[in-house]
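Student: Below is one structure. I have some questions about it.
The values are calculated or read from the model by the stated rules, or taken from the named source; none is laboratory data. As the structure is a computational prediction, the values presented were derived from the model and not from experiment. All Cβ positions, glycine included, derive from the backbone under ideal geometry; neighbour counts span all protein chains shown.
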Amino acid sequence: MQHSLPHFGEINREQLEEYYSVTTAAGINLDLNFEYARIEVDNAEVLGEWLNSIEQLDMQNRAALQQDFEIGEGETREYFRFYIEELQEERMASLVEGANSDQEKAAILLSKLKLRRVGFYPDGKYGTTSYAIFDYTTDIDGWSGDQLLVVKRDAAREIIEIVMES
């Protein structure tokens, strides 16, 4: 039974592939990961709602990342501390021109975060408790490092955790 999903087009709900991937016009990589070969129509519709809400969820994630950063002990601050410590001084200076403290540098880098990928796991593929995983990175002169700032959400759209991954 065919079902239309935003960004992906038609999928066969009764004979799912294990993995689907597409890149949006905005350059965000989206992937669907299925454990089982079929999905019920109501679950496919919920997935479609998620796919239609990526921009809204991205804005909510950014607000959560900002809050995590301001707390001062979260993964967001650690993520930017890594970049501040690892990048060459000249390269960092061009990115955060005018910033004097590490706090100011990190705040500027936070504003430069890019959403690179959203992975969906509607039936718990790989044993994950996350329904969707949002991967953010910082572009530095066209280069994206291998460090990711990751926001994980459950099926109720609640943020489970914010973590740094490589």
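Student: Please work out which residue is modelled with the lowest pLDDT, limiting yourself to region 93-134 and to residues that are touching a strand residue (DSSP E or B) at 6+ places or on another chain (Cβ under 7 Å), within 15 Å of Arg81 (Cα to Cα) and crowded, with 17+ Cβ neighbours inside 10 Å.
Tutor: Leu95
Student: Take the residues in region 31-50 that are under 24 Å from the mean Cα position of the chain (by Cα) and either part of a loop (DSSP other than H, G, I, E, B) or without any contact (Cβ under 8 Å) to a residue 60 or more places away in the chain (or both); name whichever of them is nearest to Arg157 (Cα to Cα).
Tutor: Keep residues of region 31-50 that are under 24 Å from the mean Cα position of the chain (by Cα), which gives 31-36, 39, 43-50.
Retained after the next criterion (residues that are either part of a loop (DSSP other than H, G, I, E, B) or without any contact (Cβ under 8 Å) to a residue 60 or more places away in the chain (or both)): 34-36, 39, 44-45, 48-49.
On the way: Phe34: 18, Glu35: 20, Tyr36: 22, Ile39: 19, Ala44: 16, Glu45: 15, Gly48: 14, Glu49: 11 Å.
Only one residue fits best here, namely Glu49.
Student: List the strands (runs of 3 or more DSSP E) inside region 90-166, counting only whole elements, that have at least 3 residues being farther than 23 Å from Ile39 by Cα and β-branched (Val, Ile, Thr). Quick ask: steps written out before the conclusion?
Tutor: Numbers: elements: 113-120, 132-140, 148-153, 159-165.
The strands (runs of 3 or more DSSP E) meeting that bar are 132-140, 159-165.
Student: Here is a further query. In contact (Cβ under 8 Å) with a residue 60 or more places away in the chain, surrounded by 14 or more Cβ atoms within 10 Å (Cβ to Cβ) and under 17 Å from Gly124 (Cβ atoms), is that true of Ile28? Full working, then the answer.
Tutor: Numbers: in contact (Cβ under 8 Å) with a residue 60 or more places away in the chain: yes; surrounded by 14 or more Cβ atoms within 10 Å (Cβ to Cβ): yes; under 17 Å from Gly124 (Cβ atoms): no.
So Ile28 fails the test.
Student: Answer yes if at least one residue in region 123-143 is among the polar types (S, T, N, Q) and touching a helix residue (DSSP H, G or I) at 6+ places or on another chain (Cβ under 6 Å), and no otherwise.
Tutor: Within region 123-143, the first condition is being among the polar types (S, T, N, Q), and the residues that meet it are 128-130, 137-138.
Add one more test, that the residue is touching a helix residue (DSSP H, G or I) at 6+ places or on another chain (Cβ under 6 Å), and what stays is 138.
Within region 123-143, one or more residues are among the polar types (S, T, N, Q) and touching a helix residue (DSSP H, G or I) at 6+ places or on another chain (Cβ under 6 Å).
Student: What are the residues in region 1-25 that are at pLDDT 95 or above, surrounded by fewer than 14 Cβ atoms within 10 Å (Cβ to Cβ) and touching a Lys or Arg at 6+ places or on another chain (Cβ under 7 Å), if any?
Tutor: Glu14, the sole residue that qualifies.
Student: Now a separate question. Can you name every residue in region 53-83 that is within 16 Å of Asp139 (Cα to Cα) and buried (at least 18 other Cβ atoms within 10 Å of the Cβ)?
Tutor: Thr76, Tyr79, Phe80, Tyr83
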